[in-house]
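**Q** Please find one structure pasted underneath; my questions will follow.
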Amino acid sequence: GESVGLHLPTLSVQEGDNSIINCAYSNSASDYFIWYKQESGKGPQFIIDIRSNMDKRQGQRVTVLLNKTVKHLSLQIAATQPGDSAVYFCAENWGANSKLTFGKGITLSVRP
Amino acid sequence: SAVISQKPSRDICQRGTSLTIQCQVDSQVTMMFWYRQQPGQSLTLIATANQGSEATYESGFVIDKFPISRPNLTFSTLTVSNMSPEDSSIYLCSAGTTGTGELFFGEGSRLTVL
(Lines give C-alpha, C1' and ligand atoms only; values in the text may rest on other atoms or scores of the structure.)
Protein backbone atom coordinates (compact mmCIF):
# COMPACT_ATOMS: atom_id res chain seq x y z
CA GLY A 1 0.00 0.00 0.00
CA GLU A 2 1.00 3.63 -0.05
CA SER A 3 3.32 4.79 2.68
CA VAL A 4 5.38 7.60 4.05
CA GLY A 5 9.12 7.02 4.30
CA LEU A 6 12.28 8.79 5.32
CA HIS A 7 15.61 8.82 3.47
CA LEU A 8 18.01 8.58 6.42
CA PRO A 9 17.71 6.74 9.72
CA THR A 10 20.10 9.02 11.67
CA LEU A 11 21.43 12.54 11.40
CA SER A 12 24.29 14.00 13.43
CA VAL A 13 24.83 17.76 13.41
CA GLN A 14 27.04 20.22 15.21
CA GLU A 15 25.38 22.50 17.71
CA GLY A 16 24.60 25.80 16.04
CA ASP A 17 24.42 24.36 12.54
CA ASN A 18 21.21 24.05 10.57
CA SER A 19 19.53 20.63 10.29
CA ILE A 20 17.52 19.34 7.37
CA ILE A 21 15.37 16.25 7.76
CA ASN A 22 13.79 14.81 4.64
CA CYS A 23 10.70 12.72 4.06
CA ALA A 24 9.14 11.16 0.95
CA TYR A 25 5.46 10.40 0.70
CA SER A 26 3.69 8.34 -1.91
CA ASN A 27 -0.01 9.17 -1.52
CA SER A 28 -0.76 11.92 -3.99
CA ALA A 29 -4.14 12.43 -2.31
CA SER A 30 -2.53 13.53 0.97
CA ASP A 31 -3.47 17.08 1.74
CA TYR A 32 -2.04 17.70 5.18
CA PHE A 33 1.37 16.99 6.64
CA ILE A 34 2.78 17.23 10.13
CA TRP A 35 6.21 16.96 11.67
CA TYR A 36 6.42 15.47 15.16
CA LYS A 37 9.28 15.36 17.63
CA GLN A 38 9.53 12.47 20.06
CA GLU A 39 11.92 12.65 22.98
CA SER A 40 12.94 9.53 24.82
CA GLY A 41 10.14 8.23 27.02
CA LYS A 42 7.58 10.71 25.75
CA GLY A 43 4.77 10.86 23.26
CA PRO A 44 5.11 12.63 19.90
CA GLN A 45 4.97 16.41 20.13
CA PHE A 46 3.58 18.55 17.31
CA ILE A 47 6.22 20.77 15.70
CA ILE A 48 4.74 22.26 12.56
CA ASP A 49 2.21 21.43 9.87
CA ILE A 50 1.55 22.36 6.28
CA ARG A 51 -1.39 21.93 3.94
CA SER A 52 -1.07 20.86 0.35
CA ASN A 53 -2.04 24.30 -0.96
CA MET A 54 1.21 25.71 0.46
CA ASP A 55 4.86 24.99 -0.30
CA LYS A 56 6.50 26.60 2.71
CA ARG A 57 5.60 27.38 6.28
CA GLN A 58 7.77 28.88 8.97
CA GLY A 59 7.66 28.60 12.71
CA GLN A 60 10.05 29.48 15.45
CA ARG A 61 13.45 28.17 14.23
CA VAL A 62 11.70 25.60 12.06
CA THR A 63 10.58 25.65 8.44
CA VAL A 64 8.66 22.99 6.57
CA LEU A 65 8.93 22.74 2.80
CA LEU A 66 6.54 20.77 0.63
CA ASN A 67 7.28 19.78 -2.94
CA LYS A 68 4.18 18.12 -4.33
CA THR A 69 5.77 17.51 -7.72
CA VAL A 70 8.21 14.99 -6.26
CA LYS A 71 6.17 14.19 -3.15
CA HIS A 72 8.84 15.43 -0.80
CA LEU A 73 8.63 17.05 2.61
CA SER A 74 11.47 18.52 4.63
CA LEU A 75 11.95 20.00 8.06
CA GLN A 76 14.63 22.62 8.53
CA ILE A 77 15.82 23.48 12.03
CA ALA A 78 17.90 26.63 12.34
CA ALA A 79 20.76 26.91 14.85
CA THR A 80 20.28 23.38 16.14
CA GLN A 81 20.47 23.07 19.90
CA PRO A 82 21.10 20.07 22.20
CA GLY A 83 17.42 20.14 23.12
CA ASP A 84 16.58 19.36 19.51
CA SER A 85 18.02 15.87 19.92
CA ALA A 86 15.10 13.50 19.41
CA VAL A 87 13.41 11.26 16.88
CA TYR A 88 11.50 13.16 14.20
CA PHE A 89 8.52 11.76 12.31
CA CYS A 90 6.68 13.07 9.32
CA ALA A 91 3.03 12.14 9.02
CA GLU A 92 0.43 12.54 6.31
CA ASN A 93 -3.31 12.81 6.30
CA TRP A 94 -6.02 12.94 3.70
CA GLY A 95 -9.66 13.77 4.03
CA ALA A 96 -11.30 15.14 7.14
CA ASN A 97 -10.86 12.18 9.48
CA SER A 98 -7.54 13.30 10.99
CA LYS A 99 -6.18 9.75 10.69
CA LEU A 100 -2.41 10.07 10.28
CA THR A 101 0.07 7.74 8.60
CA PHE A 102 3.56 8.05 10.04
CA GLY A 103 6.94 7.72 8.39
CA LYS A 104 9.73 5.56 9.80
CA GLY A 105 11.40 8.25 11.89
CA ILE A 106 14.89 9.73 11.96
CA THR A 107 17.08 10.28 14.99
CA LEU A 108 18.66 13.74 15.23
CA SER A 109 21.80 13.84 17.38
CA VAL A 110 23.32 17.21 18.21
CA ARG A 111 27.07 17.28 18.93
CA PRO A 112 28.20 19.89 21.48
CA SER B 1 -4.38 22.24 22.04
CA ALA B 2 -5.45 19.22 24.08
CA VAL B 3 -3.76 17.57 27.03
CA ILE B 4 -4.01 13.81 26.97
CA SER B 5 -3.46 11.65 30.05
CA GLN B 6 -2.88 7.93 29.86
CA LYS B 7 -2.69 5.34 32.57
CA PRO B 8 -0.96 3.19 33.41
CA SER B 9 2.22 4.83 32.14
CA ARG B 10 3.92 1.44 32.25
CA ASP B 11 3.20 -2.10 33.34
CA ILE B 12 4.73 -5.54 33.35
CA CYS B 13 2.26 -8.29 32.66
CA GLN B 14 2.17 -12.05 32.48
CA ARG B 15 1.51 -13.93 29.30
CA GLY B 16 -2.18 -14.75 28.80
CA THR B 17 -3.52 -11.87 30.88
CA SER B 18 -5.27 -8.72 29.68
CA LEU B 19 -4.61 -5.06 30.43
CA THR B 20 -6.82 -2.03 29.94
CA ILE B 21 -5.26 1.34 29.19
CA GLN B 22 -7.24 4.49 29.88
CA CYS B 23 -7.06 7.77 27.97
CA GLN B 24 -8.53 11.04 29.21
CA VAL B 25 -8.57 14.26 27.17
CA ASP B 26 -8.95 17.62 28.90
CA SER B 27 -11.28 19.04 26.23
CA GLN B 28 -13.98 17.75 23.94
CA VAL B 29 -12.53 16.32 20.76
CA THR B 30 -14.22 14.66 17.83
CA MET B 31 -11.53 12.15 16.93
CA MET B 32 -9.66 9.69 19.12
CA PHE B 33 -7.19 7.09 17.94
CA TRP B 34 -5.00 4.37 19.38
CA TYR B 35 -1.51 3.78 18.01
CA ARG B 36 1.14 1.18 18.75
CA GLN B 37 4.85 1.92 18.69
CA GLN B 38 7.14 -1.08 18.89
CA PRO B 39 10.69 -0.52 20.21
CA GLY B 40 12.75 1.63 17.87
CA GLN B 41 9.97 1.88 15.31
CA SER B 42 7.36 4.29 14.05
CA LEU B 43 3.73 4.57 15.04
CA THR B 44 1.14 2.21 13.61
CA LEU B 45 -2.55 3.00 13.84
CA ILE B 46 -4.56 0.32 15.62
CA ALA B 47 -8.04 1.80 15.40
CA THR B 48 -10.27 4.85 15.48
CA ALA B 49 -12.28 5.05 18.69
CA ASN B 50 -15.84 6.02 17.81
CA GLN B 51 -18.07 7.57 20.44
CA GLY B 52 -20.91 5.28 21.37
CA SER B 53 -20.21 2.71 18.67
CA GLU B 54 -17.74 0.04 17.70
CA ALA B 55 -14.21 1.15 16.89
CA THR B 56 -12.91 1.08 13.33
CA TYR B 57 -9.88 -1.20 13.10
CA GLU B 58 -6.96 -1.02 10.71
CA SER B 59 -5.72 -3.98 8.75
CA GLY B 60 -4.02 -6.48 11.02
CA PHE B 61 -5.88 -5.46 14.18
CA VAL B 62 -9.10 -7.08 15.42
CA ILE B 63 -11.64 -6.29 18.07
CA ASP B 64 -11.18 -9.56 19.94
CA LYS B 65 -7.53 -8.75 20.55
CA PHE B 66 -7.84 -4.98 21.05
CA PRO B 67 -11.32 -4.11 22.31
CA ILE B 68 -11.84 -0.35 22.51
CA SER B 69 -14.45 1.72 24.24
CA ARG B 70 -15.33 5.39 23.92
CA PRO B 71 -18.34 6.22 26.06
CA ASN B 72 -18.02 10.01 25.61
CA LEU B 73 -16.05 12.69 23.78
CA THR B 74 -13.15 12.84 26.25
CA PHE B 75 -12.50 9.26 27.37
CA SER B 76 -11.44 6.01 25.74
CA THR B 77 -9.98 2.67 26.76
CA LEU B 78 -7.89 0.12 24.90
CA THR B 79 -7.62 -3.43 26.17
CA VAL B 80 -4.80 -5.69 25.08
CA SER B 81 -6.23 -9.19 25.46
CA ASN B 82 -4.55 -12.54 26.01
CA MET B 83 -1.15 -10.91 25.91
CA SER B 84 2.01 -12.48 24.52
CA PRO B 85 5.58 -11.13 24.51
CA GLU B 86 4.96 -9.84 20.96
CA ASP B 87 2.49 -7.35 22.45
CA SER B 88 5.30 -5.62 24.34
CA SER B 89 5.13 -2.12 22.99
CA ILE B 90 4.17 1.47 23.68
CA TYR B 91 0.47 2.16 23.21
CA LEU B 92 -0.39 5.76 22.44
CA CYS B 93 -3.69 7.56 22.61
CA SER B 94 -4.21 10.52 20.31
CA ALA B 95 -7.00 13.02 19.84
CA GLY B 96 -7.98 15.81 17.53
CA THR B 97 -10.85 17.73 16.04
CA THR B 98 -12.27 16.97 12.61
CA GLY B 99 -11.16 19.47 10.03
CA THR B 100 -8.09 20.71 11.84
CA GLY B 101 -5.93 17.70 10.99
CA GLU B 102 -3.68 18.18 14.00
CA LEU B 103 -3.43 15.28 16.43
CA PHE B 104 -2.19 15.48 20.00
CA PHE B 105 -0.66 12.52 21.78
CA GLY B 106 -0.48 11.17 25.27
CA GLU B 107 2.81 10.13 26.82
CA GLY B 108 2.13 6.50 26.04
CA SER B 109 1.68 3.33 28.05
CA ARG B 110 4.74 1.07 28.02
CA LEU B 111 3.73 -2.54 28.21
CA THR B 112 6.13 -5.41 28.83
CA VAL B 113 4.79 -8.94 28.59
CA LEU B 114 6.82 -11.71 30.18
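**Q** Taking the Cα centre of the stretch B:19-98 as the origin, how large is its charge dipole in debye, to the nearest 20, when only Lys and Arg (+1) and Asp and Glu (-1) carry charge on their Cβ atoms?
**A** Approximately 80 debye in magnitude.
**Q** Moving on. Just to be sure I understand: with springs between alpha-carbon atoms less than 10 Å apart, which residue in B:Gly52, B:Gly16, B:Gly40 has the highest mean-square fluctuation in the Gaussian network model of chain B?
**A** The residue that fluctuates most here is B:Gly40.
**Q** Same structure again: Taking K and R as +1 and D and E as -1, what net charge do the other residues with C-beta under 14 Å from the C-beta of B:Thr30 add up to?
**A** Values: positive: A:Lys99, B:Arg70; negative: B:Glu102.
After counting each charged neighbour, the total is +1.
**Q** Using only the Cα atoms of the stretch A:4-111, build the gyration tensor, take square roots of its eigenvalues as a ≥ b ≥ c, and label the shape rounded, prolate or oblate: rounded if a/c is under 1.5, else prolate if a/b is larger than b/c, else oblate.
**A** Prolate shape, in that a/c is at least 1.5 and a/b is the bigger ratio.
**Q** Please turn the phi angles of the stretch B:21-38 into ³J(HN,Hα) values with the Karplus equation 6.51 cos²θ - 1.76 cosθ + 1.60 (θ = phi - 60°), one per residue in order, whole Hz, x for glycine and proline.
**A** For the stretch B:21-38, the Karplus curve yields 9, 9, 9, 10, 9, 7, 8, 6, 10, 8, 10, 9, 9, 10, 10, 10, 10, 6 Hz.
**Q** For B:89-98, what's the mean count of beta carbons from other chains sitting within 10 Å of each residue's beta carbon?
**A** Whole-number average of other-chain Cβ neighbours for B:89-98 is 2.
**Q** Residue farthest toward the positive end of the dipole of the protein assembly as shown, with Cβ of Lys/Arg at +1 and Asp/Glu at -1: which of A:Gln60, B:Thr17, B:Ile4?
**A** A:Gln60
**Q** Note down the net charge around B:Ser89, summing +1 for each Lys or Arg and -1 for each Asp or Glu among other residues with Cβ under 10 Å from its Cβ.
**A** So the surrounding residues net to 0.
**Q** Same structure, new question: Using only the Cα atoms of chain B, build the gyration tensor, take square roots of its eigenvalues as a ≥ b ≥ c, and label the shape rounded, prolate or oblate: rounded if a/c is under 1.5, else prolate if a/b is larger than b/c, else oblate.
**A** Prolate is the answer for chain B, as a/c is 1.5 or above and a/b outweighs b/c.
**Q** Let me ask something additional. Using θ = phi - 60° and the Karplus relation 6.51 cos²θ - 1.76 cosθ + 1.60, list the HN-Hα couplings for the stretch A:74-90 in order, rounded to whole Hz, with x at every Gly or Pro.
**A** Once rounded to whole Hz, the list reads 9, 10, 10, 10, 8, 6, 4, 10, x, x, 7, 4, 4, 9, 10, 10, 9.
**Q** Averaging sequence separations of C-alpha pairs under 8 Å and six or more residues apart, then dividing by the length of the stretch B:19-98, give the relative contact order as a whole percent. Walk me through the numbers on the way to the answer.
**A** Values: 159 pairs, mean separation 32.8, N = 80.
It comes to 41 percent, rounded to a whole number.
**Q** Using +1 at the Cβ of each Lys and Arg and -1 at the Cβ of each Asp and Glu in the protein assembly as shown, identify which of B:Ser53, B:Asn82, A:Ile48 lies farthest towards the dipole's positive end.
**A** Going by the Cα projections, it comes out as A:Ile48.
**Q** With +1 on each Lys and Arg Cβ and -1 on each Asp and Glu Cβ, how big is the dipole of the protein assembly as shown about its Cα centre, in debye rounded to the nearest 20?
**A** About 140 debye.
**Q** Placing +1 at every Lys and Arg Cβ and -1 at every Asp and Glu Cβ, with all other atoms neutral, what dipole size does chain A have around its Cα centre, in debye to the nearest 20? List each step's numbers first, then the result.
**A** Working: 11 positive and 9 negative charges, 20 e Å.
Charge dipole of chain A: 100 debye, to the nearest 20.
**Q** Which residues belonging to the stretch B:32-75 lose at least 50 Å² of 1.4 Å-probe accessible area when the assembly is complete, relative to their chain isolated?
**A** When all protein chains are present, B:Ser42, B:Leu43 each give up 50 Å² or more of accessible surface.
**Q** Here's something else I'd like to know. At a 1.4 Å probe radius, carbon and sulfur cover how many percent of the accessible area of chain A?
**A** 48 percent
**Q** Follow-up. Whole-Hz ³J(HN,Hα) for each residue in the stretch B:104-114, computed from phi via Karplus 6.51 cos²θ - 1.76 cosθ + 1.60 with θ = phi - 60°, x for glycine and proline: what do you get?
**A** So the Karplus estimates, Gly and Pro as x, are 9, 10, x, 7, x, 10, 8, 10, 10, 10, 9 Hz.
**Q** In square angstrom, what is the accessible area per residue of chain B with a 1.4 angstrom probe?
**A** Result: 46 Å² per residue.
**Q** Follow-up. What is the interface area between chains B and A, defined as buried accessible area summed over both chains with a 1.4 Å probe, reported in Å² to the nearest 100?
**A** 1600 Å²
The values are calculated or read from the model by the stated rules, or taken from the named source; none is laboratory data. This one's a predicted model, so the numbers in the text were calculated from it and none came from an experiment. Please note: Cβ atoms are built from the backbone with ideal geometry, for glycine as well, and neighbour counts cover all protein chains shown. Surface areas here come from the heavy atoms of the whole protein model, side chains and all, with no ligands, DNA or RNA. Shrake-Rupley method; radii C 1.70, N 1.55, O 1.52, S 1.80 Å.
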